[in-house]
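Below is one structure, written out as structure tokens; comments come after it.
The values are calculated or read from the model by the stated rules, or taken from the named source; none is laboratory data. Just so it is clear, the structure is predicted and the values come from calculations on it, not from any experiment. Note: ideal-geometry Cβ built from the backbone for every residue, glycine included; neighbour counts use all protein chains shown. The area values use the complete protein model at the heavy-atom level, side chains included, leaving out ligands, DNA and RNA. Shrake-Rupley method; radii C 1.70, N 1.55, O 1.52, S 1.80 Å.
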There are 2 protein chains.
Amino acid sequence: MSAEERLERATRLCAGRGARLTPQRARVLRILIEAERPLGAYEILAEMAEGQRALAPPTVYRALEFLLAQGLVHRLETLNAFIDCRHPERPHPAQFLICSACGRVVEIDDEAIAARLLDAATQSGFAASRKVVEVIGVCEGCR
Amino acid sequence: MSAEERLERATRLCAGRGARLTPQRARVLRILIEAERPLGAYEILAEMAEGQRALAPPTVYRALEFLLAQGLVHRLETLNAFIDCRHPERPHPAQFLICSACGRVVEIDDEAIAARLLDAATQSGFAASRKVVEVIGVCEGCR
DNA sequence: GCGCAAAACGTTATATTGTATCTTTTCGTG
DNA sequence: CACGAAAAGATACAATATAACGTTTTGCGC
């Protein structure tokens, strides 16, 4: 799926929800989509500054906040970075494989893991709201 | 298990490994053990400053680096905080349930989740080295 | 179209978390 | 005790994130 197609899908999704994917927000999303790797907020900020007057951090953080709420991007806690989501249509367990060699990230969506984790949390009396699962390792290509 | 007992256990473990649990490192560990909740590096720093001349951040970060390497503490990625480990004797999958209401953290060690996750990573060609699993939710007491 | 309220955005300043680098001290070993 | 390695001290700074506040834009009911 091309960058354009993904942007269009995002536009459609937001329209259907009455959420406003403003040009600024779309720009942040485009940068993430085209990067094909996780970007830090300040990397995004630097990208956005290209050929324009510089923006301030809150601009990017606010756009990210919106995109996260819409499920269009994910936050990688171990990297303090953000990556666009490959299947934003429906809720899904977002689990990440992070290659410490090349920096690429693969999103997997293993329902079994999510279910087992939810189960374990419930058994401990926890009402789970967010699940963070990130595996650091070395990808096939880097070995 | 009391704070003293846990400190003694840590001392024993380090001695057995030829690792030096210096007074400074033991102090950081004690602070974490007595806190009974995750602490940020700068919170630890503040604790250590009590009644002494202030220390610099690298002091704490270096002690934490050692304690992490020894498996005596864990790092909570979603909180940027640290917590002492309850079973540092042997390697174990460290999964955390984090209560967003009271801030308490429960460490569970579900081998099934770890195995399933390792399996999923392997299937994607990943050689996993570290697994981060954190569930944010509300604990029994807070509901 | 007009006026209004909410949402989005701009701007400045600052808080929080984490490192690089160099020097000094401590500790175990020969 | 002398030596080398490990640890700790000290200074400065980098990277990440948010608070606070004012301005502009937008959607909406009239």
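Numbers at a glance
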{"quantity": "Cα-based helix-to-principal-axis angle, A:3-17 vs chain A, degrees rounded to 10", "calculated": "80"}
{"quantity": "Mean shadow area of segment A:1-105, taken as a quarter of the surface of its Cα convex hull (nm²)", "calculated": "6.8"}
{"quantity": "Cα-based helix-to-principal-axis angle, A:23-35 vs chain A, degrees rounded to 10", "calculated": "60"}
{"quantity": "Helix-derived mean residue ellipticity, 222 nm - over chain A, DSSP H n ≥ 4, -39500 (n - 2.57), to 500", "calculated": "-14000 deg cm²/dmol"}
{"quantity": "Hydrodynamic radius of segment A:43-143 per Kirkwood, over alpha carbon pairs, in Å", "calculated": "15.6"}
{"quantity": "Equivalent ellipsoid semi-axes, the protein assembly as shown, via Cα gyration tensor eigenvalues times 5, rooted, Å", "calculated": "37, 23, 19"}
{"quantity": "Highest to lowest packing among A:43-50, A:85-92, scored as the average C-beta count within 10 Å", "calculated": "A:43-50, A:85-92"}
{"quantity": "Segment A:95-142: translational diffusion in µm²/s, Stokes-Einstein, Kirkwood Rh over Cα pairs, 25 °C, 0.890 mPa s", "calculated": "203"}
{"quantity": "For segment B:1-127: relative contact order, % (alpha-carbon pairs under 8 angstrom, 6 or more apart)", "calculated": "20"}
{"quantity": "Of A:Ser100, A:Thr78, A:Ala10, farthest towards positive along the dipole that unit charges on Lys, Arg, Asp, Glu beta carbons give chain A", "calculated": "A:Ala10"}
{"quantity": "Degrees, to the nearest 10: A:57-69 long Cα axis against longest axis of chain A", "calculated": "50"}
{"quantity": "Carbon and sulfur %, accessible surface of segment A:1-52 computed with the full protein complex present, 1.4 Å", "calculated": "46"}
{"quantity": "Pairwise burial A:B, computed as accessible area of each alone minus the pair, summed, 1.4 Å, Å²", "calculated": "2800"}
{"quantity": "Average Cα contact separation per residue, segment A:95-142, under 8 Å, 6 or more apart, as relative contact order %", "calculated": "54"}
